[in-house]
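Reading through the structure tokens given below for one structure.
The values are calculated or read from the model by the stated rules, or taken from the named source; none is laboratory data. Just so you know, these numbers come straight off a predicted model, no measurement behind them. In this analysis, Cβ positions are derived from the backbone assuming ideal geometry, glycine residues included, and neighbour counts consider all displayed protein chains. Ligands, DNA and RNA are stripped out before the accessible areas are found, and what is left, the full protein with its side chains, is counted by its heavy atoms. Shrake-Rupley method; radii C 1.70, N 1.55, O 1.52, S 1.80 Å.
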Amino acid sequence: MAKLIDGKLLAEDVISTVKSETEKLVAATKVTPGIAVVIVGEDPASQVYVASKGRKAKECGFHSVQHTLAETATEQELLALIDELNNDPAIHGILVQLPLPKHIDESLVIQAINPDKDVDGFHYINVGKLGAGDAASAFVPCTPAGAMIMIERQHGHDLSGLTAVVIGRSNIVGKPMFNLLLSANATVTVAHSRTKNLEDLARSADILVAAVGRPQMVKGDWVKPGATVIDVGINRIPAPEKGEGKTRLVGDVDFDSAEKVAGAITPVPGGVGPMTIAMLMANTLVAACRAAKVPAPKF
Ligand code: NDP
């Protein structure tokens, strides 16, 4: 049976470092990390995510503000708000909750964020830094950054000689995950919907990351015995066993069959998910340290 990688525990570890480092920063510089979360419209899932980010920021001792714009807000209104936040010295991290309504150009909005406040790591400056091997000065997207900490806990910081396969090539997860693994000296392949013989490829991986959005796609016989399996997927499926109309969350990995083969595996829920929000707090603290011109903690 695989070892369970407990994302909740690891996330608590990150949050406790963020809290203590925040206290030190405030004591030394009087700078309190500030995060602004911007949401447009009333998508219930986005509201839940935004609320939990705000709660976590307060728990960390941050100054936290939320800006809620109506579904009908114009691109100009949103850009004006971003400009205001870019120029607000009390705000070190700006997060625009995605997706945005269709009439707003998402890319235009993200690229308008000051790269020094881009704690989501989506601005091209940060994407470029990570791609050029300068993860230390970039903001790295929170989900792959959290997944990478989980991998480092299993294998250390140097993945020399290990083979990694990332299934999924999104800008939010797959591509930055590739760059992080490559920077740590793993030999990395990125698979996607056009990949042939995916099962054989997956079976070659010492480290297998699934970021696909397809419930329980990766089966136990896709996993190399002893491999580390990181399941990024969050999918809601019907759960009639819990009652009529009930649902449950599952990952992109078929946990029950994979845990029999893997060496270590993340559960869903309670795996990569909690790490994502913890890394958002870590990135905001780092942004505040940079603004205050003091060395930032490493996570
Ligand atoms: P995207 O939909 O942006 O990307 C999915 C990727 O999977 C694409 O590259 C796609 O290939 C590939 N893919 C789709 N079908 C197949 C297939 N049959 N075989 C191989 N590859 C396939 O998703 P995200 O990267 O945004 O998210 C992936 C998953 O992670 C989702 O379940 C999402 O909910 C979850 N997630 C979880 C987070 C967390 O905090 N834990 C945060 C972000 C996402 P192609 O490019 O060819 O279309």
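Computed quantities for the displayed model
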read-out: Of all residues in the range 191-208 being more than 10 Å from the ligand (Cβ to nearest atom) and not in a helix (DSSP H, G or I), the one that is surrounded by the most Cβ atoms within 10 Å (Cβ to Cβ); value: L208
read-out: Of the criteria (1) within 26 Å of L9 (Cα to Cα); (2) touching a strand residue (DSSP E or B) at 6+ places or on another chain (Cβ under 7 Å); (3) open to solvent by less than 40 Å² (accessible area, probe 1.4 Å); (4) more than 10 Å from the ligand (Cβ to nearest atom), which one V188 fails; value: (1)
read-out: Residues (within 23 Å of G263 (Cα to Cα) and polar (S, T, N, Q)) located in the range 224-247; value: T228
read-out: In the range 147-177, the residues that are within 16 Å of the ligand (Cβ to nearest atom) and of a type in the set (G, A, S); value: A147, A164, G168, S170, G174
read-out: Helices (runs of 4 or more DSSP H) completely within the range 1-89 that count 2 or more residues being open to solvent by less than 60 Å² (accessible area, probe 1.4 Å) and at pLDDT below 95; value: 44-59
read-out: In the range 209-231, the residues that are surrounded by fewer than 22 Cβ atoms within 10 Å (Cβ to Cβ) and away from the ligand (no atom under 14 Å from the Cβ); value: G220, D221, K224, P225, G226
read-out: Residue match in the range 115-123 (condition: of a type outside the set (D, E, K, R) and in a helix (DSSP H, G or I)); value: yes
read-out: Every residue from the range 251-270 that is open to solvent by less than 10 Å² (accessible area, probe 1.4 Å) and not in a loop (DSSP other than H, G, I, E, B); value: V253, A258, A264, I265
read-out: Number of the condition not met by I230 [criteria: (1) assigned to a strand (DSSP E or B); (2) in contact with a Phe, Trp or Tyr (Cβ under 9 Å, 6 or more places away or on another chain)]; value: (2)
read-out: Test: residue in the range 135-152 that is modelled with pLDDT under 95, touching a Ser or Thr at 6+ places or on another chain (Cβ under 6 Å) and of a type in the set (A, V, I, L, M); value: yes
